1. From the list LEU46, LEU62, LEU74, exactly one residue is modelled with pLDDT of 95 or more, closer than 16 Å to PHE104 by Cβ and assigned to a helix (DSSP H, G or I). Which is it?
2. Looking at ALA36, ALA30, ALA114, can you tell me which residue is at pLDDT below 95 and not in a helix (DSSP H, G or I)?
3. Restricting the first residue to the stretch 57-68 and requiring it to be closer than 19 Å to ARG87 by Cα, which pairs with a second residue that is of a type in the set (A, V, I, L, M) and modelled with pLDDT of 95 or more meet a Cβ separation below 7 Å and a spacing of at least six or different chains?
4. Can you find even one residue in the stretch 52-75 that is within 22 Å of LEU29 (Cβ to Cβ) and surrounded by fewer than 18 Cβ atoms within 10 Å (Cβ to Cβ)?
5. May I ask you to verify whether THR84 is part of a loop (DSSP other than H, G, I, E, B) and among the β-branched types (Val, Ile, Thr)?
6. On the basis of being among the acidic types (Asp, Glu) and modelled with pLDDT under 95, does ASP88 make the cut?
7. I'd like to verify a number: residues in the stretch 75-96 that are of a type outside the set (Lys, Arg) and either over 20 Å from LEU43 (Cβ atoms) or free of Cβ contacts under 8 Å to residues at least 24 places away in the same chain (or both), how many?
Amino acid sequence: MKSVHQSIQPKPDAPAGPQRLNRKFDSDLAVNFLKASGHPGRLAILRYLSTGEKSVGMLETLMETRQAAVSQQLARLRQEGLVTNRRDGKTIYYRLTDSQVERFVQLLETVFRA
């Protein structure tokens with residue numbers, strides 16, 4: 001099963017046609033990406049991680065929610081390939097997988113800024 005992260009990698013150009021776009025578009029993967037980021041808690045995590053690596057405890061504090069809820073949302077984001085983690089002793093740190101995910105978060109920030 002492909003992760004959502006793979007859906008945001010550049011794809012080769014599709015043949016030009018009267019009703020075709022210039023690039024191939026995998027609708028199923030795009031929908032999975034939007035579903036993965038379409039939860040308020042997961043979107044908040046992505047926004048916090050767009051400013052840099054955070055520990056689970058720090059995310060818990062920033063989000064003012066229980067560690068179990070944060071961990072559940074992080075597991076989904078990790079499963080979809082949007083975040084990655086590292087362990088330092090007993091502390092687990094998370095960061096965005098790559099610049100494509102960061103660009104997505106920045107675009108949302110720009111479009112939906114109040």
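The values are calculated or read from the model by the stated rules, or taken from the named source; none is laboratory data. On a predicted model such as this, the values are computed, not experimentally measured, just so you know. Reconstructed Cβ throughout: ideal geometry from the backbone, glycine too, with neighbour counts over all protein chains shown.
1. LEU46
2. ALA114
3. Between residues of the stretch 57-68 that are closer than 19 Å to ARG87 by Cα and residues that are of a type in the set (A, V, I, L, M) and modelled with pLDDT of 95 or more, the close pairs are LEU59/ILE45; LEU59/VAL70; GLU60/VAL70; GLN67/VAL56.
4. The answer is yes; a qualifying residue exists.
5. Judged against the criteria, THR84 is not a match.
6. no
7. 7
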